[in-house]
Structures are given as C-alpha cells and as structure tokens.
Amino acid sequence: MRPEMQNDQVHNEEVQEPPKLVVERLIEKRLEELVTFLSTSDGRKSKLYEEVMSMVEKGLFKVALHRSNNVKCTAAAFLGINRNTFADKMARLGLNGEKNK
C-alpha cells in the first residue's frame, strides 16, 4: 500500500466516531452558547441547571409527542419511561398533549 493511502486510511478511521460521541459534542457546543446567553451576574443564586434541564426535557417531550402523533403512551415508550411519569412531567412542563410547537 502506498504511504499516502495509509495516512488517508488512518485519518478516516480517526474521523469516524460513535454517533453518541458526535451528539455529545454537538450538545456541549450548543450548551456553551446557551449558558452564555442565560447566565446572570446579578448576584442571585443561579438556577441555570434547573432552567436548562427543563428546556431540554420539554424539547425532548415535544419531539416524542410529535413522533407519536400525540399518543402519550407511545411517546412515553419512545423515551423509555412509564406513561404515568410521562403524564406527570407533561403537566409539570406545561405541555397539554395537543399539537405543541
């Protein structure tokens, strides 16, 4: 094999990462942008963790509902959680199960 072919092959193997790792890096990059936007310096105790986790959870629930045509039981199964837990969290997040945008 030619030396330049070996280098290309090694480079291609290094570039291919597990999808989970790629997603984690994308999320981390976006979170860096979000926390810069959301963080406050007004001296109060930060609620950044709670705010971001609520936003992520709400977005995930919306995706699950969209993919399940708003069938809560199917959306809960998609997320791998109990349907009662799903319904309780929907109420806590202010989601009503209708076509959420």
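No lab work stands behind these numbers, since they all come straight from the coordinates. Keep in mind that this is a model prediction, so the values were computed, not measured. Heads up, the Cβs are rebuilt from the backbone with ideal geometry, glycines too, and the neighbour counts pull from every protein chain shown.
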- Shape call for the range 49-101, from the Cα gyration tensor axes a ≥ b ≥ c (a/c under 1.5 means rounded, otherwise prolate when a/b beats b/c, else oblate), comes out prolate
- Task: Subtracting the Cα-Cα distance from 0.36 nm times the residue separation, let me have the gained length for VAL71 to VAL52 in nm, one decimal.
- Result: 4.3 nm
- Can you tell me the FRET efficiency between GLU32 and VAL63 if r is taken as the Cβ-Cβ distance and R0 is 25 Å, rounded to the nearest 0.05? 0.70
- Expected unfolding gain across ALA91-GLU17 under the 0.36 nm per residue rule, minus the alpha-carbon gap, is 22.9 nm
